[in-house]
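The values are calculated or read from the model by the stated rules, or taken from the named source; none is laboratory data. The structure displayed is predicted, hence computed values, not measured ones. Ideal geometry is used to build each Cβ from the backbone, glycine not excepted, and the neighbour counts take in all protein chains shown.
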Amino acid sequence: MLLRAVAICLLLSQNLLSLKAQTMTIPEGATCDPETGLCTPTPLDGALHNIALDSETEIIYVGDPMCSWCWGISPALNQLKRTAAINGIGYRIVMGGLRPDNSEEWTPNFQDFLRHHWEEVSSRSGQPFSYDLLSAEHFQYNTEPSCRAVVTARTINPTVEARFFELTQHRFYVKNEDPAKVEFYKPICFELGIDYAKFSVLFPTEEMKRATYEDFQLNRQWGVRGYPTVIVRKGEQMQIIATGFAAFEEMWQRVEQVVRE
């Protein structure tokens, strides 16, 4: 009942946000809206599991390292996280699972979509992008490994999770390296003081795959329909304060409103 009520609360909260109707269709029917900065995930197979919530007040960021609008909103989220800490509000990340499969073919159509979409995000957000990847003969746009890497880092040292997430985004969008390869994360682990040997052993395990899938299930259970999504939770009450691209000032004003209620 709790999770059902939470999902209803989230869906009703979305009415507070203006989502434009104009979207850009990409292969397999997923959409990214250039007006709102919202990327809709592909469907997730499997049954959902009930996951209990504690009573703390916190900001929950639902995102995916390979969601380009999540890269676009990254500076605003950094400021939101710092401001939340100063004000005694918790902050955590739930992995979205934008495209958690290997079904997408690397076609010229898909490459053209990505180029246009990344240019749109860069223009609006000012975040840097490299486009060399789009000339590659083959690439699998599967976001599960990058999400799993963040969950693995969280398991080893939860205090570096947000920074690990951001550095993963940077290596993908700016350096155009492949997040499916464990070697991708070696410099990130080194920078954050994570034991890379431990990370490389844990990363491919079924334990980490299950934990990542639980994040995917959880955000869908809450009624999240796209990324990035930012939620404020007070006990069992949850309210979406941003869906898609948003400025820090806009998000923090909504945080303050929810906390005062």
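Would a scan of the range 171-183 turn up a residue that is touching a Lys or Arg at 6+ places or on another chain (Cβ under 6 Å), surrounded by 14 or more Cβ atoms within 10 Å (Cβ to Cβ) and in a loop (DSSP other than H, G, I, E, B)?
Looking for residues that are touching a Lys or Arg at 6+ places or on another chain (Cβ under 6 Å), surrounded by 14 or more Cβ atoms within 10 Å (Cβ to Cβ) and in a loop (DSSP other than H, G, I, E, B), one finds at least one in the range 171-183, hence yes.
Read through the list (1) crowded, with 17+ Cβ neighbours inside 10 Å; (2) touching a Lys or Arg at 6+ places or on another chain (Cβ under 9 Å); (3) modelled with pLDDT of 95 or more, then give the number of the only condition that residue 167 fails.
With (1) crowded, with 17+ Cβ neighbours inside 10 Å; (2) touching a Lys or Arg at 6+ places or on another chain (Cβ under 9 Å); (3) modelled with pLDDT of 95 or more applied to residue 167, the lone miss is (2).
So in the range 65-106, with the set limited to residues that are assigned to a loop (DSSP other than H, G, I, E, B) and of a type in the set (D, E, K, R), which one is surrounded by the most Cβ atoms within 10 Å (Cβ to Cβ)? If you could, list the steps in order and put the result at the bottom.
First pass over the range 65-106, keeping only residues assigned to a loop (DSSP other than H, G, I, E, B): 65-67, 73, 87-89, 96-106.
Subset that is of a type in the set (D, E, K, R): 99, 101, 104-105.
Numbers: 99: 22, 101: 16, 104: 17, 105: 12.
Out of the qualifying residues, it is 99.
This table checks each residue for (1) acidic (Asp, Glu); (2) in contact with a helix residue (DSSP H, G or I) (Cβ under 6 Å, 6 or more places away or on another chain); (3) more than 20 Å from residue 213 (Cα to Cα).
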| position | (1), (2), (3) |
| --- | --- |
| 120 | yes, no, yes |
| 141 | no, no, no |
| 145 | no, no, no |
| 149 | no, yes, no |
| 167 | no, yes, yes |
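From the list 123, 130, exactly one residue is surrounded by fewer than 18 Cβ atoms within 10 Å (Cβ to Cβ) and either without any contact (Cβ under 8 Å) to a residue 12 or more places away in the chain or part of a helix (DSSP H, G or I) (or both). Which is it? Step through it out loud before you land on a result.
Working: 130 fails: either without any contact (Cβ under 8 Å) to a residue 12 or more places away in the chain or part of a helix (DSSP H, G or I) (or both).
Sole residue among the options that is surrounded by fewer than 18 Cβ atoms within 10 Å (Cβ to Cβ) and either without any contact (Cβ under 8 Å) to a residue 12 or more places away in the chain or part of a helix (DSSP H, G or I) (or both): 123.
Which residue, of 225, 148, 260, is within 18 Å of the chain's Cα centre (by Cα), of a type in the set (Lys, Arg) and surrounded by fewer than 23 Cβ atoms within 10 Å (Cβ to Cβ)?
Every option except 225 fails the conditions.
Does residue 108 fit the bill of being touching a residue at least 24 places away in the same chain (Cβ under 8 Å) and over 22 Å from residue 203 (Cα atoms)? It would help to see each step written out before you state the result.
Details: touching a residue at least 24 places away in the same chain (Cβ under 8 Å): no; over 22 Å from residue 203 (Cα atoms): yes.
Here the answer is no, as residue 108 does not meet what is asked.
If we scan the range 22-31, do we find a residue that is within 20 Å of residue 241 (Cβ to Cβ), at pLDDT 60 or above, assigned to a strand (DSSP E or B) and of a type outside the set (Phe, Trp, Tyr)?
Just the residues of the range 22-31 that are within 20 Å of residue 241 (Cβ to Cβ), to begin with: none.
For the range 22-31, residues within 20 Å of residue 241 (Cβ to Cβ), at pLDDT 60 or above, assigned to a strand (DSSP E or B) and of a type outside the set (Phe, Trp, Tyr): absent.
Give the range 196-217 a look and list any residue that's farther than 20 Å from residue 73 by Cβ, touching a residue at least 24 places away in the same chain (Cβ under 8 Å) and assigned to a helix (DSSP H, G or I), or say none.
Of the range 196-217, the ones farther than 20 Å from residue 73 by Cβ are 196-214, 217.
This time we only want the ones that are touching a residue at least 24 places away in the same chain (Cβ under 8 Å), so: 198-199, 202-203, 208-209, 211-214, 217.
Hits for the range 196-217 are 198, 199, 202, 208, 209, 211, 212, 213, 214, 217.
Output the residues belonging to the range 158-179 that are among the aromatic types (Phe, Trp, Tyr) and in contact (Cβ under 8 Å) with a residue 60 or more places away in the chain.
Taking the range 158-179 and keeping what is among the aromatic types (Phe, Trp, Tyr), we get 164-165, 172-173.
Correct list: 165, 172, 173.
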